[in-house]
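The values are calculated or read from the model by the stated rules, or taken from the named source; none is laboratory data. Since we're looking at a predicted model, the values are computed, not measured. When we count neighbours, we look across all protein chains shown, and the Cβ atoms used for this are built from the backbone with ideal geometry, even at glycine. In case anyone asks, the SASA skips ligands and DNA or RNA and just uses the protein heavy atoms, side chains included. Shrake-Rupley method; radii C 1.70, N 1.55, O 1.52, S 1.80 Å.
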Amino acid sequence: QVQVVESGGDLVQPGGSLRLSCAASGITFSSYAMAWYRQAPGKQRELVADISRRSTTNYADSVKGRFTISRDNAKNTVYLQMNSLKPEDTAVYYCKAYFSIRTYWGQGTQVTVSS
């Protein structure tokens, strides 16, 4: 059974930092590309960052220079380090594992940026 579980969401003040984690089980983690998406209320889900099997990374323009995606294949975990957070980063953050036609999503973790 495949499980993708996010954690680390919280309420943080503008300018603060958070690190999200996503642990995957039931898959050969090192074979999968991983991605973080987010969905704010009333908006479509959007790609935040992704990382290939070989750790090539890609970022949305809105988070470049502030967010960093990384992976630890030994722990079957992908991370999203978020710095200089802004109120517009408020959203539910979702993790996705994908390989070929296989795609698995987590349940999401809430990030709220507010003073």
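Residues that are outside any loop (DSSP other than H, G, I, E, B) and among the polar types (S, T, N, Q) within the range 12-24 comprise just one, Ser21. Taken as a whole, the range 76-89 holds at least one residue that is more than 16 Å from Ala23 (Cβ to Cβ) and either in contact with a Cys (Cβ under 8 Å, 6 or more places away or on another chain) or acidic (Asp, Glu) (or both).
Of the numbered conditions (1) assigned to a loop (DSSP other than H, G, I, E, B); (2) open to solvent by 40 Å² or more (accessible area, probe 1.4 Å); (3) of a type in the set (A, V, I, L, M, F, W, C); (4) in contact with a strand residue (DSSP E or B) (Cβ under 7 Å, 6 or more places away or on another chain), Ile27 satisfies every one except a single condition; which is it? Here Ile27 clears every test but (2).
Is one or more of the residues making up the range 3-12 exposed (fewer than 12 other Cβ atoms within 10 Å of the Cβ) and either touching a helix residue (DSSP H, G or I) at 6+ places or on another chain (Cβ under 9 Å) or not charged (D, E, K, R) (or both)? Spell out how you get there, then give the answer.
Kept after step one, since they are exposed (fewer than 12 other Cβ atoms within 10 Å of the Cβ), are these residues of the range 3-12: none.
No.
Annotation: of all residues in the range 1-11 being within 16 Å of the chain's Cα centre (by Cα) and outside any strand (DSSP E or B), the one that is nearest to Thr109 (Cα to Cα) is Gly9. Residues of the range 20-44 that are under 12 Å from Thr77 (Cα atoms) and not hydrophobic (A, V, I, L, M, F, W, C): Ser21, Ser25, Thr28, Ser30, Tyr32.
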